[in-house]
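In what follows, a single structure is set out as structure tokens and then discussed.
Readers should treat all values here as calculations from the given coordinates under stated rules, not as data from a laboratory. These figures come from a predicted structure and were not determined experimentally. Ideal geometry is used to build each Cβ from the backbone, glycine not excepted, and the neighbour counts take in all protein chains shown.
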Amino acid sequence: MEEVLTNPKAGFYINGDVFGAEGDFITSPEVSQMFGEMVGVWAMCLWEQIGQPKRLNLVELGPGRGTLMVDLLRGASKFKSFTESLHVHLVECSPALQKLQPQNLKCMDEDSTNENVEKRTITTLAGTPVSWHAALEQVPSGIPTIIIAHEFYDALPVHQFQRASRGWCEKLVDVTEDSSFRYVLSPQATPATLFLMKRCKWAAAEELEKLGHIEVCPKAMELTNTIAKRIGSDGGGALIIDYGLNGVVSDSLQAIRKHKFVNIFDNPGTADLSAYVDFASVRHSAKEASVNVSVHGPITQSQFLGSLGINFRVEALLQNCTEEQAESLRTGYWRLVGDGEAPFWEGPDDQTPIGMGTRYLAMAIVNKKQGVPVPFQ
Ligand code: SAH
């Protein structure tokens, strides 16, 4: 999964822009500007809870086109004491997206007459410095940090296990004589089995009994560990939004190309691979990594955006827009908060928006000193 998505030559994310109607899949920030704006409201509330620090790292993991950060900064640009405290750090593995993000963020290199001072890149949307990194570990530590991970965890590689008569066996990928791929079961325990055992310890026996198949994501456990340690020592919090379950995930790995599900082995590197996020495992990993953090949620995206006031935002935007913009605002709103059933949808049935409101879950990991973050009270 890791190779298919992030191989430096042929990885799905590495060479181009895969998002939006023209691409392979669409994400919430691409659906409506309101998504990034509401995440901005969340970040500002947390910054207040931290005590309005003068310096704050705002980190986004896997920013895609940079749309969420563009909307967040544009929305927050009037709140000068917040934006002046920020240093934005984007953690991105794709060189193509690293090129696109500064364009969308309207970045420019700061003029500096002093040759001894390193030149900074500033986004003109809010006047804040922006830096790029390949991993969270490279983001400088020592000041309060807010981390946003939207549709990042689902791209981390999972290991699948299947129950057999000899116990849990890892499902591995084999190359057949005609050079196609097939699954085989490991003859004995594999290194990832350690993570399976760890995950099973966090689950109730009844939860495991009924499962013939389990997915674990060691990279998600490690990343959560790093996040919790950072938040525990530097202060701040992390917001994780993704599709997933609040419990053990059985069999969710899927491939999507041009908005359609395809076979995982069909031309790897040309379709997105993603898996459900196991939010219970994220919670246990965070608590295990640091006694200084508390974990909140998951709640549904609909509850998260609703409690932050997205309905007031849509009303305000609708006051001052063209009929075409109003249509796209309404559709975007229902896609973000609806459940696919969309009982409140007043348009034609065949245009009922895909509901992201209940499929996507939001979880926060914060430094205990800061109390419970909005809107998780
Ligand atoms: N958050 C964006 C994009 C989600 S897609 C949105 O919601 O629209 C996943 C993003 O994570 C892409 O930008 C991809 O290039 C990046 N990514 C995936 N795996 C990564 C890894 N291991 N390290 C750094 N970035 C990664």
Within the stretch 66-96, backbone nitrogen closer than 11 Å to the virtual label 7 Å beyond the Cα of W132 toward Cβ | 90-96
Expressed in nm to one decimal, what extension gain is obtained for the pair S141 and V184 from 0.36 nm per residue of sequence separation less their Cα-Cα distance?
-> 11.2 nm
Debye intensity ratio I(q)/I(0), log10, the stretch 159-213, q values 0.22, 0.31 Å⁻¹ (C-alpha model) = -0.87, -1.28
With axes computed from alpha carbons, what is the tilt in degrees of helix 218-234 against the longest principal axis of the chain, rounded to the nearest 10 within 0 to 90?
-> 40
Can you give me the pair-distance distribution of the stretch 1-119, C-alpha pairs, 5 Å bins, whole percents?
-> 2, 10, 16, 21, 17, 14, 10, 7, 2, 0
Taking N as the number of residues in the stretch 84-184, what value does Rg over Cα atoms divided by 2.2 N^0.38 Å take?
-> 1.70
Picking from Q49, I310, L97, whose Cα lies most toward the positive end of the charge dipole for the chain (charges on Cβ: Lys, Arg +1; Asp, Glu -1)?
-> Q49
Can you check what the Kirkwood hydrodynamic radius comes to for the stretch 238-343, Cα pairs only, in Å to one decimal?
-> 17.0
Stokes-Einstein at 25 °C, 0.890 mPa s, Kirkwood radius from Cα pairs: D for the stretch 153-285 in µm² s⁻¹?
-> 151
Assigned charges on the beta-carbon of Lys, Arg, Asp, Glu; the chain dipole about Cα centre (debye) | 1200
FRET efficiency, 1/(1 + (r/R0)^6) with R0 41 Å, evaluated for K9 and N114 via beta carbons | 0.55
For the chain, how big is Rg over Rh, using alpha carbon atoms and the Kirkwood form of Rh?
-> 0.97
Whole-Hz Karplus ³J(HN,Hα) for the stretch 176-184, in order, using 6.51 cos²θ - 1.76 cosθ + 1.60 and θ = phi - 60°, x for Gly and Pro?
-> 7, 4, 8, 6, 9, 9, 8, 7, 10
Choice from E222, E327, E60 with maximal GNM fluctuation in the chain (Cα, 10 Å cutoff) = E327
Based solely on its DSSP helices, what 222 nm [θ] is calculated for the chain when runs of n ≥ 4 H residues each add -39,500 (n - 2.57) and the sum is averaged over all residues, nearest 500 deg cm²/dmol?
-> -9500 deg cm²/dmol
Over 24 Å (Cα to Cα) - which of K219/K258; K54/K369; K9/K99; K78/K368; K229/K369; K201/K369 fall in this group | K219/K258; K78/K368; K201/K369
